[in-house]
1. If Lys and Arg each add +1 and Asp and Glu each add -1, what is the summed charge of the other residues whose beta carbon sits under 12 Å from the beta carbon of Gly90?
2. Mind jotting down a quarter of the surface of the convex hull over the alpha carbons of the chain, in square nanometres, one decimal?
3. Could you tell me the relative contact order of the chain? Use alpha-carbon pairs under 8 Å, at least six residues apart, and round to a whole percent.
4. Assuming R0 = 41 Å, can you tell me the calculated FRET efficiency for the pair Asn84 and Ser60, based on Cβ-Cβ distance, to the nearest 0.05?
5. Students often get this wrong: which residues of the range 1-27 have the backbone nitrogen under 13 Å from the point 7 angstrom along Cα-to-C-beta of Asp48?
6. How large is the translational diffusion coefficient of the range 1-60 in µm² per second when you combine the Kirkwood radius over alpha carbon pairs with Stokes-Einstein at 37 °C and 0.692 mPa s?
7. When you count, for each residue, the other Cβ atoms within 10 Å and take the mean per peptide, how do 50-56, 65-71 rank with the highest first?
Amino acid sequence: MFIAMNRFRIAPGHEAEFEELWRSRESHLAGVPGFREFHLLRGPGEADHTLFASHSVWESRESFEAWTKSDAFRKAHANAGGANRALYLGPPRLECFEVVL
Ligand code: HEM
């Protein structure tokens, strides 16, 4: 198994807006080969931001990488960033993990 997490630093006061953006998104994950699970995680609030992570579980690194090159990925990100730039303290940070146990 393989886990890809993207960490987002969200400006204080914009948390609900960020969550709503994810709740109301048109998801394209169902049926993607090797996709297992998705969670949007809200982490600790710091003085200057609240941490969120998009957490996705895949059968393998290969299935994750294939998704990043797919039409489903492109469609899911057609509106990412851009108009909502005020929400973010900076670009998201991607972290990938091989599941050991
Ligand atoms: C390889 C890197 C990335 C990974 C692994 C990733 C992961 C994901 C996943 C799993 C979804 C849900 C897709 C669905 O439901 O069909 C998603 C949507 C989204 N991603 Fe990414 N993402 C990446 C790059 C980025 C970047 C660079 C941004 C820049 C802000 C971003 C922002 C978003 C947002 C805001 C959404 C959902 C909302 C919408 O519909 O607009 N992602 N991402």
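Here, each number is a calculation from the coordinates, and none is a lab measurement. Computed from a prediction, not measured in an experiment: that's the story for all the values here. Don't worry about glycine lacking a Cβ; one is built from the backbone with ideal geometry, like all the others, and counts go over all protein chains shown.
1. Spelling it out: positives minus negatives among the neighbours equals +3.
2. Over every viewing direction, the Cα hull of the chain projects on average to 6.7 nm².
3. 47
4. 0.85
5. Correct set: 9-12.
6. Answer, rounded: 260 µm²/s.
7. Ranking, from highest mean packing down: 50-56, 65-71.
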